[in-house]
Each structure stands twice: as C-alpha cells, then as structure tokens.
Amino acid sequence: MPQRPPAVVGRQLYTPEERIRRDRSRWTVVQGVLAPLQLLAFLVSLWLVLSFLRTGDGATAATVSVIVKTGFLYAIMITGAIWEKEVFGVWLFARPFFWEDVVSMAVIALHSAYLYAFLTDALDLREQMLLALVAYATYAINASQFFYKLMLARRESDAGGHAKWAAST
C-alpha cells in the first residue's frame, strides 16, 4: 500500500480557483522554464567565481557569468510578479509566497548592488566577486524556499488539493 504524505496543519497553498488560474497561466510555464535555467546559470557562475577567487584567473568569465545570472534573476522576478498577479491578484507578497518574496527582495538588492559595484568600480574585482557570493548564498536560501513550496504544491495536487501547508507562511 503506498505511503501517504503526512498531513500538515494550516491553509491550503492554493484555493481551487487559484489552482485553476495557476494551471491555465502561461506564466506558470515561463517560470517552469526560467527557474532551471537560472539554477544552471547559478551553478556555472558559482564555479567560475570560486575558481577566480582561488586562482585569480578567469575574471572576465566570472564577471560575465554573474551578469548573466543576474539577468535571469530579473527575468524570473518580473515574470513571477506577473504570475502572482494572475494567480493571486497581487503583484508581490501573496500570502502563500510572502516570505519567499521578502527574501527575493534581498536577493534582488544584492545582485543589483553587484551590478552597481561592477559598473562604478565601487569595489575592486575581488570584493565584487565576494559580493556575488553573498548574493548567491541568499539566492540559494530563496531557491530552497521555492523548492519547498513546489513540493507542497505537488503533495496538494497528489492529495486531490486537500493537503495543507504550514501555518508559518
């Protein structure tokens, strides 16, 4: 007999109406494409930045990779806000994704600070790469938040929409 996931006390992640809007939204597909691309850009860039910091070689590749990763971040944030508006009726900070959006603001701020430092030479190259690592650590926290919500959404769908999500959100 298949084991059922444990019930979690709290609200459903999506109301039945929100689930329908989510499933019909083209932005759900866009998010589903951009998220793994951003993750791939993150992993490649992380390797390049760490390699540069370790050896001092590959500054251009590391810099370009951070800029590309930041471009993916901006794209997923803009389309994610459109998705939240379509599904929940608000551009950001919908109740089920409030804390993810809060952390996303920190992620955006840190990536934007990196771009500012790069464009103005406010920090030297090594400091820019260290700032990129701080931005990446914050991104990793944020990505784990979204992976957790994806897992909850799948459990909710598998249980016919009746699984509950943690009241802490």
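Applying a threshold of 6 Å to beta carbon distances and a minimum spacing of six or more residues, or different chains, the list of pairs starting in the range 4-27 at a residue that is under 10 Å from V87 (Cβ atoms) and ending at one that is at pLDDT 90 or above and among the aliphatic types (A, V, I, L, M) reads E18/V87; R21/V87; R22/V87; W27/I82. One residue alone among Q31, Q38 is within 17 Å of Q145 (Cα to Cα), in contact with a Leu (Cβ under 8 Å, 6 or more places away or on another chain) and in a helix (DSSP H, G or I), and that residue is Q38.
Only one entry in L40, L46, L119 is at pLDDT 95 or above, out of contact with any helix residue (DSSP H, G or I) (no Cβ under 8 Å at 6 or more places or on another chain) and under 19 Å from I141 (Cα atoms), namely L40. Of all residues in the range 61-70, at least one satisfies being within 14 Å of the chain's Cα centre (by Cα), within 14 Å of F42 (Cα to Cα) and of a type outside the set (D, E, K, R).
Considering the range 118-132, the residues that are of a type outside the set (F, W, Y) and buried (at least 18 other Cβ atoms within 10 Å of the Cβ) include one that is nearest to D23 (Cα to Cα), namely A132. Within the range 57-70, the residues that satisfy the criterion of being assigned to a helix (DSSP H, G or I) and exposed (fewer than 14 other Cβ atoms within 10 Å of the Cβ) are T60, V64. Mind checking which pairs have a first residue in the range 94-108 that is free of Cβ contacts under 8 Å to residues at least 24 places away in the same chain and within 21 Å of Q12 (Cα to Cα) and a second that is surrounded by 14 or more Cβ atoms within 10 Å (Cβ to Cβ) and aliphatic (A, V, I, L, M), Cβ under 7 Å, 6 or more apart or different chains? Qualifying pairs under 7 Å: D101/L92. Among the residues of the range 40-51, the ones that are buried (at least 17 other Cβ atoms within 10 Å of the Cβ) and not hydroxyl-bearing (S, T, Y) come to 5 in all. Taking the conditions (1) assigned to a helix (DSSP H, G or I); (2) surrounded by 14 or more Cβ atoms within 10 Å (Cβ to Cβ) in turn, R54 satisfies each one other than (2).
The values are calculated or read from the model by the stated rules, or taken from the named source; none is laboratory data. Since the structure is predicted, the reported quantities are computational estimates derived from the model, not experimental observations. Methodologically, a virtual Cβ is constructed for each residue, glycine included, from the backbone with ideal geometry; neighbour enumeration extends over all protein chains shown.
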